[in-house]
Structures are given as structure tokens and as C-alpha cells.
Amino acid sequence: MSGSIPPPIGLLAELTHRCPLGCPYCSNPTDLEKRGAELDTATWQRVMREAAALGVLQLHLSGGEPAARPDLEAITATAAEAGLYTNLITSGVLLNGARLRALADAGLAHVQLSLQHAEAAAADRIGNFRGGHARKLALVEGIHAAGLALTINVVLHRGNLDSVEAMIALAERLGAGRLEIAHTQYHGWALRNRAALMPSAAQVAESRATVLAARERLQGRMAIDFVAPDYHASRPKACMGGWGRQFLNVTPSGAVLPCHAAETIPGLSFPRVTEQSLAGIWYGAEAFNRFRGTAWMPEPCRSCDRREVDWGGCRCQALALTGDATQADPACALSPHRAALLAALEAPAEDSLAFRR
Amino acid sequence: MSEAPRLSPHARLRHDAARGQWVLLAPERVLVLDETSHAILALLDGTRDVAAIAAQLAAEYDAPAEEIAADVAAVLDDLRAQGLVRP
């Protein structure tokens, strides 16, 4: 089958699940992997070389907080040497100017720094980490000094929709070349906290209007990407660009997944990089072939003219909402399980949040 | 002499051996380059201006320099608008 399977473009490397922040919208699994289970430096370095040889072009070093690993610089150096475009997805609170310079020297191309809110008190409350916001702002100077390109990333939910305009202004003031404003995707901790995070339709519409106006105004100065929430859509997204088509994810302990939430799907087993080569897993693992292409699709996807546009949407979302990962993603209005999504939208809002830990 | 364009610090030009193509990489972006775009980007070294790049390509491809200069300007304008080339 490998003749018809394109090589992957992107690798999300979750170096660790450890993170000083406790954001309740985190997409990490609620059962976080422990430090003792994490891959060692040499294994991560081998993964980077195998990824580049397999055809991966872009590497996202993520977590948890990837800077919680003291070997982040060594892993980055190997990845850059192998030719991967290397992007660091970070909360920023464990980094300083010296580490940023070392990362830039190692070949890091880009930093994606998260913000939780434009105001320190609210931001620290959401991240459940006192002083975090101030540390992030202080780090930005070091990012520029190291010559690293900066994207500011903001995840939207009911607790920070009052701050969209202010966060755009802050990203601009911080000299970000790019701003990514993404509504929460309900996996992992975010799914657990869904009733407290879910915005209203009016709030979603307002956030979109604010972002589109800013994008127009800032054209040529700061690029803005907006990720709309699945639950308020009528057609699903091509999750990960389609299962096993463009991306793979390696967990801290080395499990190779088609997306970061795939381990929630019962009945699939995910080989580890310590057991098989990345190429062997990408082309041959049953879990990668399970939802590849269109042959697995039931109706209404099977006969839909968008089946190769959205690839049936998100398998993990279908599972979360219908109990069955093989169903059409209920983010699609054509899904026979649409009512499950609408029920979640209409569920009474809750105030209590479970911070990840 | 006009200012010499160069790739933005976050943009990386590389050969994609797995797919047999040249690509320009940026955050969340993979730009597949055609032969012309690659030939132009390969000459961006921060010292050559548009005229120098066009002259070099005109000699290499044995084509009229004015035509090439227009192509070079169009490709660079497009990449500049995407933040991939400065200034």
C-alpha cells in the first residue's frame, strides 16, 4: 500500500507531558505520561533523523512544555542538522535569553509562544501559574535578540473572549510576525472542561469579526490565522489534513499516533519508535491504515462529494460525541449524530474548571 | 543600486529529496517552488539586487533581461507580501 501513501509533511514531537502551567483547555490526555516513561535523548535524535529521511519537512517540538527537557537544545540541533524546519511550541516560562540563544545556535527556526489573556491576573488564573504572564512578556525580548521568528498563539474559550482585541494589540506590540488565534478543540483536558469553556454562538461570531477586521488592518505587518470552533460549524475540518496523510505525532513515551488524541480510540494499538522504524509505522501500522483514505467510511461520508475534502472530519471528535470513532464527525450538519453536538452546545454553562496536572 | 532582497530569517530554502522538489519552509507553510522561483531564490544572498539577479538569470537561460527582470520582481513581490522575503 505504501506506493499510494504520500510521505508525512509534519511531525509533532511531544517531548514531555510535564508543564508548569495548568491550562484547562489543554489537548493533552487527562492521563498524562510520567517523566520516567519519556524517551531518552538518543532515541529522540534517532526519531528526528528517521523523520527527515521519511520526508517530514516540519517539526513541531511540543509537550507539555518542551523546555522542561534539559536536552531540548541537543534534540533541536539534531533535527535542524537533518534538515527539518524546527518550530518550538512553548509556554515560555522555563526559558531565558541564554537558552534561546543556544536554541537559535542549534538551528531553531521559529518560536510559537502561548498567551492565555492580555491581562496578567486573568492570564495567570487561566494558566494556574502565578507570574507566568509577566515571564512570557519578559521572554519576548530574548526571542527577538536571538533572531528567532515569533508567532503568538492564543487559544480562545469563554474565559478570554473578552480579551480578543487586547490580545491582538499585545501580539502586535510584542513584534510577532504571526498571530494564531484558535478556538479550543475539545480533546483531553478541554473535553473534560467543555461545559465551562464553550462559548456562545454570538461570542464566536464576535471573535471572528474582530479577528477578520484586525487581519485587514494589519496586513503586511502581522499575519493572523484564525481557527474556528468545530462545534459551531456546519461542515467538519479535514482533521490533521486527513488521517495518516500529512502528520504524525510521537508521544513522550514514543507511541506514534496519526493525531495527538488518537489514543482515546479503543481497539487501536500504536507502535512505539522503540519497537519499529518511523517509516515502518507510517506505511504499515494498522492504526495508520484504519482510517486512511475513504474505504472505511460509512454513510453519509461514503457517497459525499466532500469525502476527499474533509476526510470525514475528526475521528476522536466522532468518538467523543457518538461513542463510535467510525461515524461521521458530528461537526458536519449531515451527521445522523448531529444532536449530540447540539446538546453539548446547549448544555448549561459551568463555572468550575479542572486545571490539568 | 536598490536594496538587495534576502529571505526572511524564519524562511528556509531546502531540497525535499523525498518528493524530488525544492521547497520554501516557514511557520505552518510549505511552499513548493517551480524551477523559476527556485532559480531566483537560490540567488538571494543579500548582496545582489533585482537587476543583478535578472542579469545573472538572463545569461544562464539566454533570455531577454527585461522579461526576466519582470518575472523576478513578480516572484519577489509575491513572497514579500507573504513575509518570506525582505525588504
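The values are calculated or read from the model by the stated rules, or taken from the named source; none is laboratory data. From a predicted model like this one, the values you see are computed outputs, not experimental measurements. A quick note on method: Cβ atoms are made from the backbone with ideal geometry, for glycine too, and the neighbour counts reach across all protein chains shown. Side chains included, ligands, DNA and RNA excluded: accessible areas come from the protein's heavy atoms. Shrake-Rupley method; radii C 1.70, N 1.55, O 1.52, S 1.80 Å.
Computing FRET efficiency as 1/(1 + (r/R0)^6) for A:Asp351 and A:Glu308, where r is the C-beta to C-beta distance and R0 is 56 Å, gives about 0.85. In the context of the full set of protein chains, residues of region A:89-129 present 34 Å² of accessible surface per residue (probe radius 1.4 Å, heavy atoms only). In region B:6-86, the portion of solvent-accessible area held by carbon and sulfur atoms comes to 52 percent [1.4 Å probe, whole percent, DNA, RNA and ligands not counted].
For chain B, what ratio Rg/Rh do Cα atoms give with a Kirkwood hydrodynamic radius?
Here the Rg-to-Rh quotient is 0.96.
Shown for chain A is the translational diffusion coefficient from the Stokes-Einstein equation, using the Kirkwood radius over Cα pairs, a temperature of 20 °C and a viscosity of 1.002 mPa s: 103 µm²/s.
The mean number of partner chain beta-carbon atoms within 10 angstrom of a residue's beta-carbon across peptide B:9-16 is 5. The contact residues of region A:37-67, meaning those that lose at least 20 Å² of 1.4 Å-probe accessible area when all protein chains sit together rather than their chain alone, are A:Gly55, A:Leu57, A:Gln58, A:His60.
B:Trp22 contributes an accessible area of around 90 Å² to the protein surface, as traced by a 1.4 Å probe with all chains present. Applying 0.36 nm per residue to the separation of A:Thr294 and A:Ala134 and subtracting their alpha-carbon distance, the gain on full extension is 52.8 nm. For region A:252-352, the Stokes-Einstein estimate of translational diffusion at 37 °C and a viscosity of 0.692 mPa s comes to 219 µm²/s, using the Kirkwood hydrodynamic radius over alpha-carbon pairs.
Remark: mean inter-chain Cβ contacts per residue of A:146-152 equal 2, using a 10 Å Cβ-Cβ cutoff to other protein chain atoms.
Averaged over peptide B:17-29, the number of partner chain Cβ atoms lying within 10 Å of each residue's Cβ comes to 6.
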